[in-house]
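So the structure is just underneath, and the comments pick up after that.
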Amino acid sequence: MSFKISCQGATSIKTFVDFLWQKLTPAITTTIQKNLTTNIAGDMRTTCSAFNGNKANLEKHILISLAEEENFDNYWEYIHKPQSFFRSYIENQTKRYCSDRGSKKIETFLKMNLDNIKNLILSSICEATAVAKDKNSTVSEWLDLFCDSLGSNLIFPRKDLKNIEHQKIKDMEFLKEAMSTALDPAMKGVEQHCSSMPVETIVPNIEKTLYEQLCGCLKQCPFCRAICTNTIPYHDGDHIVPFHRPQAVNGWYKDTTGHFVIDCCTSSIESNNAIILKNGEKRLYKDYRQAGGDYAEWKITTDLSTHPYWKWFVSHFRSKLEEKYQKKFEGTGKIPDAWANIRKQKMLDDLKQ
Ligand SMILES: [Zn+2]
Ligand SMILES: [Zn+2]
């Protein structure tokens, strides 16, 4: 008689343990992938020079690499679609990290996470059992204790365990043994699954993490398309940027001649020149904020110390810009000789400082 009860007990514990591990395994994999993403993004923020500072530092690296590549199409994307440009820049850097010096580190991070989770589960099993034995608890209460002990370290919803919480299990010590015995093979399975996964599968998550941490507001100056430096998307207050660009970068031209406007918006807003809005209405540059929309959200201050970067760009890519925008660098839009004399290396050295 007692042998029969014991056998029944063993069977129901086996069913219980199998079911629990069936639910735990995918949760462990998900948690490990999430932690790996955080570890790798964190490591990239300390070891990759483009990511180890703030947004201004990232943008500086982007400007340097654009100038080094001298690829006009890439510039075009950066000027007109900064969001997708930033995302693919981060994605490429992440791929390079993962295939390069990061691959060894990813192995180490994976091992560390597997060990942590294994220890967490083991201690949760022991803790839940000790308390349950003490209080003569039901298996449903054991599950509560187990999940509480895992806490937020393992994303594992208690509500998924409704099916097994009414099992008649009395022998808590046997439950603990069965759970602990299943731990090793289960973790081996997770390890195999995680290490056989191509690294590309986590690249999008890392890219998203870094993008959210670094890119902030990507609103662009309505005149020159310079990107707001604020590190918070949808921030309060005005958009600002310390360095604006010659407006020809954004294709602005004089309506009477079709010649490019090479002035920076920071000097145009001091002039008595007017802008023509999309609805045909004319307004002085200095009153640009009254034009509403994007104009109203920007605070542009007069500043005559423009960085040589965009002057070099305009001069270097003058024919590409003329071709793309179908306008000319002539008349008031003639490119000054001084711009053509800017040496790229000197300009980049200045930028790097
Ligand atoms: Zn501007
Ligand atoms: Zn902004």
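Evaluating Lys299 against the criteria (1) farther than 24 Å from Cys48 by Cα; (2) touching a residue at least 40 places away in the same chain (Cβ under 8 Å); (3) surrounded by 13 or more Cβ atoms within 10 Å (Cβ to Cβ) leaves one unmet condition, (3). Checking each residue in the range 202-225 for being away from ligand 1 (no atom under 16 Å from the Cβ) and of a type in the set (A, V, I, L, M) picks out Ile202, Val203, Ile206, Leu210, Leu214.
The residues of the range 317-352 that are in a loop (DSSP other than H, G, I, E, B) and touching a Gly at 6+ places or on another chain (Cβ under 8 Å) amount to a single one, Lys327. Of all the residues in the range 202-259, those that are within 8 Å of ligand 2 (Cβ to nearest atom) and of a type in the set (Asp, Glu) number 1.
Kindly indicate whether any position in the range 303-316 is of a type in the set (Ser, Thr, Tyr), part of a loop (DSSP other than H, G, I, E, B) and surrounded by 13 or more Cβ atoms within 10 Å (Cβ to Cβ). The answer is yes; a qualifying residue exists.
Note on the range 276-288: among residues that are hydrophobic (A, V, I, L, M, F, W, C) and over 37 Å from the mean Cα position of the chain (by Cα), the one that is surrounded by the most Cβ atoms within 10 Å (Cβ to Cβ) is Leu284.
Within the range 244-265, the set of residues being out of contact with any strand residue (DSSP E or B) (no Cβ under 9 Å at 6 or more places or on another chain) and surrounded by fewer than 19 Cβ atoms within 10 Å (Cβ to Cβ) comprises Thr256 only.
Being of a type in the set (Gly, Ala, Ser) and either assigned by the TED database to the domain that holds Ile300 or buried (at least 16 other Cβ atoms within 10 Å of the Cβ) (or both) is the filter here; which residues of the range 224-243 pass it? First the steps, then the outcome.
Here is the first cut: in the range 224-243, the ones of a type in the set (Gly, Ala, Ser) are 226, 237.
Across the range 224-243, the qualifying residue is only Ala226.
Only residues that are farther than 24 Å from Phe317 by Cα and buried (at least 17 other Cβ atoms within 10 Å of the Cβ) were counted across the range 59-101, and they come to 7.
Once the range 282-302 is narrowed to residues that are at pLDDT 90 or above and assigned to a loop (DSSP other than H, G, I, E, B), the residue that is nearest to ligand 1 (Cβ to nearest atom) is Ile300.
The rows are residues; the columns are (1) touching a residue at least 12 places away in the same chain (Cβ under 8 Å); (2) within 10 Å of ligand 1 (Cβ to nearest atom); (3) under 24 Å from Trp312 (Cα atoms).
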site	(1), (2), (3)
Pro233	yes, no, no
Thr256	no, no, no
Phe260	yes, no, yes
Asp263	yes, no, yes
Lys278	no, no, no
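Please state which of the following conditions Ala291 fails to meet, knowing it meets all the rest: (1) more than 16 Å from ligand 2 (Cβ to nearest atom); (2) under 31 Å from the mean Cα position of the chain (by Cα); (3) hydrophobic (A, V, I, L, M, F, W, C). Looking at each condition in turn, Ala291 falls short on (2). Picking from residues in the range 107-121 that are crowded, with 16+ Cβ neighbours inside 10 Å and not basic (Lys, Arg), the one that is nearest to Asn39 (Cα to Cα) is Phe109. Report yes if Ile62 is under 20 Å from the mean Cα position of the chain (by Cα) and among the β-branched types (Val, Ile, Thr), otherwise no. For Ile62, the condition - under 20 Å from the mean Cα position of the chain (by Cα) and among the β-branched types (Val, Ile, Thr) - is met.
Given the conditions (1) modelled with pLDDT of 95 or more; (2) surrounded by 13 or more Cβ atoms within 10 Å (Cβ to Cβ), report the number of the one that Phe174 does not fulfil. For Phe174, the failing item is (1). Within the range 30-46, the set of residues being buried (at least 16 other Cβ atoms within 10 Å of the Cβ) and within 18 Å of Glu191 (Cα to Cα) comprises Thr31, Ile32, Gln33, Asn35, Leu36, Thr37, Asn39, Ile40. Annotation note: of Lys104, Lys162, the sole residue that is among the basic types (Lys, Arg), exposed (fewer than 14 other Cβ atoms within 10 Å of the Cβ) and either under 26 Å from Met197 (Cα atoms) or in contact (Cβ under 8 Å) with a residue 12 or more places away in the chain (or both) is Lys104. Considering Ala10, Ala56, Ala67, Ala41, the condition of being among the hydrophobic types (A, V, I, L, M, F, W, C), over 30 Å from the mean Cα position of the chain (by Cα) and assigned to a helix (DSSP H, G or I) is satisfied by Ala10 alone. Are any residues in the range 235-252 within 11 Å of ligand 1 (Cβ to nearest atom) and not in a loop (DSSP other than H, G, I, E, B), and if so, which ones? Across the range 235-252, the qualifying residues are His239, Pro246, Gln247, Val249, Asn250.
The values are calculated or read from the model by the stated rules, or taken from the named source; none is laboratory data. Computed from a predicted model, the values in this text were never measured in an experiment. Here Cβ is always computed from backbone atoms with ideal geometry, including for glycine, and neighbour counts include all displayed protein chains.
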